[in-house]
């Protein structure tokens, strides 16, 4: 790691001020950022930890029934505390990495990084969540901008994520056992207003909504409704863990399993 | 350099560290607590697992300054002052839950965190919980057996695979 200054403010306002300098970067749980720094793939001059900001931690149910999760809330906390209010989300959080990683890694860090194989982006996009920052609110549909890209501005912090709770939802992850990321993961959420399907791990463009599957499931919410639906392998990720065709196939299989789990 | 203070195995400690100093480096290089092993240094192997405020974390993937004011527990704090092994350590010895021993500090610390959360885990739950702890000698079988024994469960029925 190259050398950097470290600050750990206790309020959002102080964190925003600390991030004002050039090349400053926010630090969540560090489960991706610290390995990235070790490999010298990033060289911020200052890291601003958000782990000391009490107002950015915890899970709560809002008046409208949505579940709000502080940006600095760990995966282990979400797995535990959202189990009653949004079980599919809690189950997803409980499958990220391993126990020690879940005790440090945060939802805000995961979403801000937008790893193409991360689990949380699928839940955020699949639920149609709202990303709340220190400056504004961003709809999930406008937030993810391709592999490792987001709508966040420099120095902008995810303070919380607000999830509308669907009637039924399920995340099905085909585990890449070495990295513990998703080789392909499908998040299916059924709302009164319609079905949302978000796919992670598969596309060169990062997490995406599978609109053909959504349309089919809107007509008929049954696993068989997906029969014959295939995704174009052209934009899928092809690497030593799985070819483009294999990932395209897994998209169909995992989406079908997620629908089955919703029944 | 910044001063960092924390409690390690019940003792107040402090030292001057850089922003980039890892918790694992602080424990090993500053405090000479070399029982915490650094295996992969990429947060995959789990040899460096310690407890921070009671939770298992990979100390090679956490900055020392993030542990300011925290209660840290390492493998050195597991045995009694006179060297008597605790229940988990003794079970690892009794059931041959180690060969080279390199991963053992992390295994014991993860096992302790598991048993605090789930005092009588099933074999499947133990295997699931140890997903972030790699052992290249044992094939895990005796590690799982040791943890089941440490939780007071009968292990005679667990046959070798």
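The values are calculated or read from the model by the stated rules, or taken from the named source; none is laboratory data. Quick caveat, the model's predicted, so the values are computed rather than measured. Counting neighbours? That spans all protein chains shown, and the Cβs are built from the backbone with ideal geometry, glycine included.
Mind listing whichever residues of the stretch A:142-155 are surrounded by 14 or more Cβ atoms within 10 Å (Cβ to Cβ) and in contact (Cβ under 8 Å) with a residue 24 or more places away in the chain? Can you show your working first?
Start the filter on the stretch A:142-155 by keeping residues that are surrounded by 14 or more Cβ atoms within 10 Å (Cβ to Cβ), which leaves A:143-144, A:146-147, A:150-152, A:155.
Within the stretch A:142-155, A:143, A:144, A:146, A:147, A:150, A:152, A:155 qualify.
If I go through the stretch B:55-87 residue by residue, how many of them are touching a helix residue (DSSP H, G or I) at 6+ places or on another chain (Cβ under 8 Å), within 10 Å of chain A (Cβ to nearest Cβ), in a helix (DSSP H, G or I) and in contact (Cβ under 8 Å) with a residue 40 or more places away in the chain?
Residues meeting the conditions: 2.
Residues that are surrounded by fewer than 17 Cβ atoms within 10 Å (Cβ to Cβ) and at pLDDT 95 or above, at least 2 per element: which helices (runs of 4 or more DSSP H) completely within the stretch B:100-161 meet that?
Output list reads B:104-117, B:123-129.
Would a scan of the stretch B:13-27 turn up a residue that is touching a residue at least 12 places away in the same chain (Cβ under 8 Å) and more than 24 Å from residue A:29 (Cβ to Cβ)?
Looking for residues that are touching a residue at least 12 places away in the same chain (Cβ under 8 Å) and more than 24 Å from residue A:29 (Cβ to Cβ), one finds at least one in the stretch B:13-27, hence yes.
Scan the stretch A:174-199 residue by residue and report those that are assigned to a strand (DSSP E or B) and closer than 24 Å to residue B:132 by Cβ.
Hits for the stretch A:174-199 are A:174, A:175, A:182, A:183, A:184, A:185, A:187.
May I ask you to say which residue of A:94, A:28, A:58, A:20 is out of contact with any strand residue (DSSP E or B) (no Cβ under 9 Å at 6 or more places or on another chain) and surrounded by 15 or more Cβ atoms within 10 Å (Cβ to Cβ)?
A:94 is the lone residue from the list that is out of contact with any strand residue (DSSP E or B) (no Cβ under 9 Å at 6 or more places or on another chain) and surrounded by 15 or more Cβ atoms within 10 Å (Cβ to Cβ).
Conditions (1) without any contact (Cβ under 8 Å) to a residue 24 or more places away in the chain; (2) in contact with a strand residue (DSSP E or B) (Cβ under 6 Å, 6 or more places away or on another chain), marked per residue:
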{"residue": "A:169", "(1), (2)": "no, yes"}
{"residue": "A:180", "(1), (2)": "no, no"}
{"residue": "A:195", "(1), (2)": "no, no"}
{"residue": "A:233", "(1), (2)": "yes, no"}
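So residue A:228 ticks every box in (1) at pLDDT 95 or above; (2) more than 20 Å from the chain's Cα centre (by Cα) but one. Which box is left unticked?
That leaves (1) as the condition not met.
Taking the stretch A:210-237, which residues are in contact with a helix residue (DSSP H, G or I) (Cβ under 7 Å, 6 or more places away or on another chain), surrounded by 15 or more Cβ atoms within 10 Å (Cβ to Cβ) and assigned to a helix (DSSP H, G or I)?
A:213, A:216, A:217, A:223, A:225, A:226, A:233
Could you please tell me which pairs satisfy a Cβ distance under 7 Å, a separation of 6+ or placement on different chains, a first residue in the stretch B:113-137 that is without any contact (Cβ under 8 Å) to a residue 24 or more places away in the chain and more than 10 Å from chain A (Cβ to nearest Cβ), and a second residue that is part of a helix (DSSP H, G or I) and crowded, with 17+ Cβ neighbours inside 10 Å?
Taking only residues 6 or more apart or on different chains, the pairs are B:126/B:114; B:126/B:144; B:126/B:147; B:126/B:148; B:127/B:144.
In this structure, does residue A:58 turn out to be in contact with a helix residue (DSSP H, G or I) (Cβ under 8 Å, 6 or more places away or on another chain), more than 14 Å from every other protein chain (Cβ to nearest Cβ) and at positive phi?
The answer is yes for residue A:58.
Which of the numbered conditions does residue A:128 fail, given that it passes all the others? Conditions: (1) surrounded by fewer than 19 Cβ atoms within 10 Å (Cβ to Cβ); (2) at positive phi.
Of (1) surrounded by fewer than 19 Cβ atoms within 10 Å (Cβ to Cβ); (2) at positive phi, only one is false for residue A:128: (1).
Within the stretch B:71-86, is even one residue closer than 29 Å to residue A:2 by Cβ and crowded, with 19+ Cβ neighbours inside 10 Å?
Initially, the stretch B:71-86 is screened for residues closer than 29 Å to residue A:2 by Cβ, giving B:72, B:74.
Subsequent filtering for residues that are crowded, with 19+ Cβ neighbours inside 10 Å retains B:72, B:74.
The answer is yes, given that some residue of the stretch B:71-86 is closer than 29 Å to residue A:2 by Cβ and crowded, with 19+ Cβ neighbours inside 10 Å.
How about the stretch A:3-27: which of its residues are in contact with a helix residue (DSSP H, G or I) (Cβ under 8 Å, 6 or more places away or on another chain) and either more than 11 Å from every other protein chain (Cβ to nearest Cβ) or at pLDDT below 95 (or both)?
A:9, A:10, A:11, A:12, A:24, A:25, A:26
Here are some residues: A:72, A:83, A:68, A:42. Which one is assigned to a strand (DSSP E or B) and more than 11 Å from chain B (Cβ to nearest Cβ)?
A:68
Every residue in the stretch B:6-54 that is over 18 Å from the mean Cα position of the chain (by Cα) and either in the same structural domain as residue B:131 (by TED's automatic domain parsing) or in a loop (DSSP other than H, G, I, E, B) (or both), please.
Passing the criteria: B:18, B:19, B:20, B:21.
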